[in-house]
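Worksheet: one structure, shown below.
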Amino acid sequence: MIEKLQAPKGVPEYVPPNGDLFKYVRDELAAPAIAAGYRYIELPYFEDFNLYARGIGESTDVVSKEMYTFTDRADRILALRPEGTAGVIRSVIENSLTQQGLPVKIWYAGAFFRAEKPQKGRYRQLQQVGIEAIGAENPALDSEVIALGYHAFKNLGLSSFELQITSLGCFNCRPGYREKLIKFLAEVKLDDETRKRADINPLRVLDDKRPEIQSLIINAPLMLDNVCNECRDYHEMVLKYLDHHGIPYVVNKRLVRGLDYYTKTTFEFVHHGLGAQSGIGGGGRYDQLMFSLGGQDLSGIGYALGVDRALIAAESENINLEQRLPDLVCVVPTDSEFNVNAFKIADLLRESGIVVDQVTHTKNLKNGLKVANRLTAKCAVIIGDDEVRTGIYTVKWLATGEQNSVPLDELVTQISQHLPLAEKPKKDD
Ligand code: HAM
C-alpha cells in the first residue's frame, strides 16, 4: 500500500463547495478598498529575514517564535512572509512609489505564514486582505481606512462584531509612558521569560493573554491615559470622524497589537462568535516603519482582514453565503451529434454573464439531466433533434420540473430573468 500524503498541520484547505465560499469572502473583503481607488500590489511570498526582524520587531511573537525562516543555497537568510505591511513598505521604497504622489494607496491579498499552535481560526497558513495608505497623516485618512474595513465586514453580512480602537501614542509621548510602565513592571513578580520580554519591550507584557499575567498587570499604566496633547487631539478627531461615518466603536485602552510598528491610531475588529481567535481584522498607523526600513520619513496606516476567520464568523452568524454565489445553468445535448450546437448555446449564455457548465460526457438526456441535478444547476437547456431543427430550445427548471420552449433570441433574457440575483445586505444593516 502506498502511503497517502496529507496537507501540513495547521494549513487549511478550501475544497469545493467551501472553496467558492472562501473566494467569495475574499472578494467581498477586497471590494471596499477597490471601490475607494486602492491599487493592487502582488508581493513576494518570502523576503529577507531582516525585513521582518526590523519592520515588525524582534521581541514580537511573530518574529521571535512564529516565522518560517530558512537559508537558500547561497546562505541568504529568508523568511516566509508572516504579514504584508513590512513587504509593502519595502516595495514602496524599492520601487519609489512615493514619487507618483502621496498618499500611496495599495491593497493586497494572499497567504501569510505563522508557526502558531493550530486550532480553529488559528492557522499556520492564513489568508488576509490588506490595505496600506502611505505618506499622509490626517485623522480623516485614519477614519476612512477604518471605515473601509468596517464596510468590508458589513458587506459580508456580519453584524456580531465590534470595532475596538485606541492610540498607542507617538515618539514624543511613548518614551515617558514606557518609563512609567517599566517602573510599574519592576514592582511586579514576573517569570523569567516574561521579564526578558519586558526588558526588550515592556508594552509586549500588556499583550500577554495568560490570566496569571493579566491579573498582575490590572493596575498597569495605560498608553491612552499618557498620550501627549497632540496624540490626544488626533485620537479625538479620528473618533469624531468615525461618528460622522456612522461607525460604532469601543475605545479599548488595553488594546495591544502583536506587531511593534504601531503608533497613534490602532484598532481591531473583534467578532463575538469566534471564541479565543476573535480578531477578524486589525491595523493601525505606523510613523517610523518606512524610515526604519531605509525609506523616507513618512507615516502610513493600514489594516489586514483575516479571510479564514471572516468565513468562520459568517458561518457562526448563519449567513447563507452559498445563496450569493452565481446560479449554474447546464447545457445538455441529448446526443454527441449535438455537441457543436451545444458549444454555441453555452458561449451565448456565458457571454451574457451566466455561469454555464456544458455536459459533454453523457449518452442520453436522462443521464445528462442527472448530471445537471448533481451539479445543483438551476436549469438545463436541452439540445436535441427538435431544438436544432426549429431553433426553439427546451429549458427545464430542475427544482420544479417545469419546461419552457424558448426561441434562440429569447434564451438569454428568459434564463436571466429566472436567475434572481442574490440579495445582498445593505451596507449598514
Ligand atoms: P494582524 O492582526 O497580525 O495584523 O493580522 C490581521 C488579521 O489576520 C487578524 O485579525 C486575523 O483575522 C488574521 N490572522 C492573523 N493570524 C492568523 C492566524 N494564525 N490564523 C488565522 N488568521 C490569522 C497584520 O498582519 C498587520 N499587517 C495589519 C496591518 C496592516 N497593520 C497595518 N497595516
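Worth a mention:
- Evaluation of K117 against the conditions (1) near the ligand (Cβ under 10 Å from one of its atoms); (2) of a type outside the set (A, V, I, L, M); (3) more than 25 Å from E13 (Cβ to Cβ) shows that the sole unmet condition is (3).
- Residue count for the range 32-63, restricted to those that are under 24 Å from the mean Cα position of the chain (by Cα), modelled with pLDDT under 95 and of a type in the set (G, A, S): 1.
- In summary, R54 fulfils each of the numbered conditions (1) in contact with a strand residue (DSSP E or B) (Cβ under 9 Å, 6 or more places away or on another chain); (2) surrounded by 17 or more Cβ atoms within 10 Å (Cβ to Cβ) with the single exception of condition (1).
- Qualifying residue in the range 381-397 (condition: part of a loop (DSSP other than H, G, I, E, B), within 30 Å of R26 (Cα to Cα) and in contact with an Asp or Glu (Cβ under 8 Å, 6 or more places away or on another chain)): no
- Considering residues of the range 100-114 that are of a type in the set (A, V, I, L, M, F, W, C), more than 25 Å from H271 (Cα to Cα) and not in a loop (DSSP other than H, G, I, E, B) only, the residue nearest to the ligand (Cβ to nearest atom): I106
- Note on the range 190-301: enclosed helices (runs of 4 or more DSSP H) holding 1 or more residues that are within 16 Å of the ligand (Cβ to nearest atom) are 202-206, 229-245, 289-292.
- Condition check for L97: more than 12 Å from the ligand (Cβ to nearest atom), in contact with a Pro (Cβ under 8 Å, 6 or more places away or on another chain) and modelled with pLDDT of 95 or more: no
- Among the residues of the range 397-429, those that are at pLDDT 90 or above, within 23 Å of N320 (Cα to Cα) and loosely packed, with under 11 Cβ neighbours inside 10 Å comprise A399, T400, Q417.
- Residues of the range 302-348 satisfying the condition of being in a helix (DSSP H, G or I) and within 16 Å of the ligand (Cβ to nearest atom): V307, D308, R309, A310, L311, I312, A313, A314, E315, S316
- Residue list for the range 70-121, filter: among the basic types (K, R) and touching a helix residue (DSSP H, G or I) at 6+ places or on another chain (Cβ under 9 Å): R76, R81, R90, K105, R114, K120
- Taken together, the residues in the range 71-97 that are of a type in the set (V, I, T) and farther than 25 Å from L305 by Cβ amount to 2.
- Within the option set Q100, Q125, being surrounded by fewer than 16 Cβ atoms within 10 Å (Cβ to Cβ) and at negative phi holds for one residue only, Q100.
- Residues satisfying the criterion are present in the range 266-273 (criterion: surrounded by fewer than 23 Cβ atoms within 10 Å (Cβ to Cβ) and farther than 26 Å from R197 by Cβ).
- Restricting the range 349-363 to residues that are assigned to a loop (DSSP other than H, G, I, E, B) and polar (S, T, N, Q), the residue that is surrounded by the most Cβ atoms within 10 Å (Cβ to Cβ) is T362.
- In the range 1-17, the qualifying residues are those that are out of contact with any helix residue (DSSP H, G or I) (no Cβ under 8 Å at 6 or more places or on another chain) and touching a residue at least 12 places away in the same chain (Cβ under 8 Å), and the one that is surrounded by the most Cβ atoms within 10 Å (Cβ to Cβ) is G10.
- Residues in the range 162-189 that are without any contact (Cβ under 8 Å) to a residue 24 or more places away in the chain and part of a helix (DSSP H, G or I): 5 in all.
- Per this entry, E144 is counted among residues that are more than 21 Å from V227 (Cα to Cα) and either surrounded by 15 or more Cβ atoms within 10 Å (Cβ to Cβ) or not small (G, A, S) (or both).
- The range 119-140 - residue that is assigned to a loop (DSSP other than H, G, I, E, B) and in contact with an Asp or Glu (Cβ under 7 Å, 6 or more places away or on another chain) and, of those, farthest from R90 (Cα to Cα): G121
The values are calculated or read from the model by the stated rules, or taken from the named source; none is laboratory data. Source: prediction; values computed, not measured. Every residue, glycine as well, gets a Cβ built from its backbone with ideal geometry; the counts of neighbours run over all protein chains shown.
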